[in-house]
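I have placed the structure first, in the form of structure tokens, so that the comments after it can refer back to it.
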Amino acid sequence: MKRILLTGAKGMLAHDFMESQKERFEIIPFDRDYLDITDIQQVEQRVQESQADIILNCAAYTNVDGAEDTGKKMNLDINVLGVFNLAKIANRQNIDFITLSTDYVFDGTKEGGYNENDEQNPINNYGLAKYLGEKLACEVNPQSIIVRTSWLYGGGNEHKNFVNTMLKLSETRNELRVINDQFWSPTYVMDLSQALWDIIGNIDTFRGKILHLSNETSNNGITWFDFASEIFKMADRKINLTPCTTEEYQTKAVRPKFSKMNNNSSVQMRNWKEGLREYLSKP
């Protein structure tokens, strides 16, 4: 049975990944209390102790606005140094390495969706760190598998995500203003987890590759307003939604206007509405 060392074990993606595990793999989960990925000696020790065949890195700093100021160092430590350490040790131990990246490695000027080999040009510190993490991982370990994804939701009620936030706000508010000029694709983490299992099950095919994995959307993708509207429609919540612009909703970090990613791999994911419907149907 192959053994998978999983980082970021308390996170939303890791939660659903472990929930959807297949019988032919054994998962060794680590959160930051037991594995500091910024400490390369500790990384090597944990990898050796676990006798892992694969490292799946779900650890990440994801506070996009925080990365602009108070979280700047943590963003670099986890998303750059941590990824570098894991990739280097995986290469040294001759085991496979998969890490998660983001649509924010792109500048958002391209309509119609970004392809895997399109030029990267991050416009905020979070995107820059993820870009540098990708770059260093591939340099130190050319067999690294990079999975770019976007706007994750899932993991159940205990995890913070846009769907849960919208539903909670609808309990106390009658109206909301939601951004309607940033275009992307949402990702249901249970669907992403299944896609990761597909990669792991056929890992010889994907070594050294970059994959774009998000739920399917048409044209340029959807906006926050589109997503919120569908959430309330499916959940049968009555609330007055008003679209607003990015300029009207100021944030510390600049976000890409267009960041949908095209999936040109054999690992495909279903339509975003199907994933959302399943998530909302869970107790």
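Just a few scattered comments:
- Relative to the compact-globule estimate of 2.2 N^0.38 Å, the Cα radius of gyration of the range 230-273 comes out at 1.70.
- Under 11 Å, Cβ to Cβ, from GLN51 - net charge with Lys/Arg +1 and Asp/Glu -1: 0
- Going from the fewest other Cβ atoms within 10 Å to the most, the residues ARG46, ARG237 appear in the order ARG237, ARG46.
- Considering only GLY154, ILE27, SER144, the residue lying farthest towards the positive end of the dipole of the range 1-156 is ILE27, judged by Cα position with unit charges set on Cβ.
- Scaled against 2.2 N^0.38 Å for its residue count N, the alpha carbon radius of gyration of the range 76-164 is 1.19.
- Sorting LYS110, LYS160, LYS2 by the number of Cβ atoms found within 10 Å of their own Cβ, with the fewest placed first, yields LYS160, LYS2, LYS110.
- Nearest-0.05 FRET efficiency for GLN268 and GLU49, computed from C-beta distance (R0 41 Å): 0.70
- The chain: calculated mean residue ellipticity at 222 nm from DSSP helix runs of at least 4, using -39500 (n - 2.57): -10000 deg cm²/dmol
- Unsatisfied cross-links (Cα-Cα over 30 Å) in the set LYS110/LYS252; LYS10/LYS135; LYS238/LYS282; LYS110/LYS168: LYS110/LYS168
- Rg and Dmax of the range 115-214, based on Cα coordinates, read 16.9, 52 Å.
- Taken along its principal axes, the alpha carbon cloud of the range 1-63 reaches lengths of 31, 30, 14 Å, longest axis first.
- Tail weight of P(r) past 26 Å, computed on alpha-carbon pairs of the range 1-141, percent: 25 percent
- Given +1 at the Cβ of Lys and Arg, -1 at the Cβ of Asp and Glu and no other charges, the dipole of the chain around its Cα centre is 220 debye to the nearest 20.
- Sorting CYS244, CYS58 by the number of Cβ atoms found within 10 Å of their own Cβ, with the fewest placed first, yields CYS244, CYS58.
- Note on the chain: Cα convex hull, mean projected area over all directions, 14.3 nm².
- Each distinct pair of alpha carbons in the range 178-283 adds a 1/r term; the inverse of their mean, the Kirkwood radius, is 15.5 Å.
- Axial C-alpha extent at least 20 Å, average Kyte-Doolittle at least -1.0 - helices from the chain (DSSP): 125-140
Bear in mind these aren't lab numbers, they're just calculated from the coordinates by the rules spelled out. All figures in this text were calculated on a predicted structure; none of them were measured in a lab. Methodologically, a virtual Cβ is constructed for each residue, glycine included, from the backbone with ideal geometry; neighbour enumeration extends over all protein chains shown.
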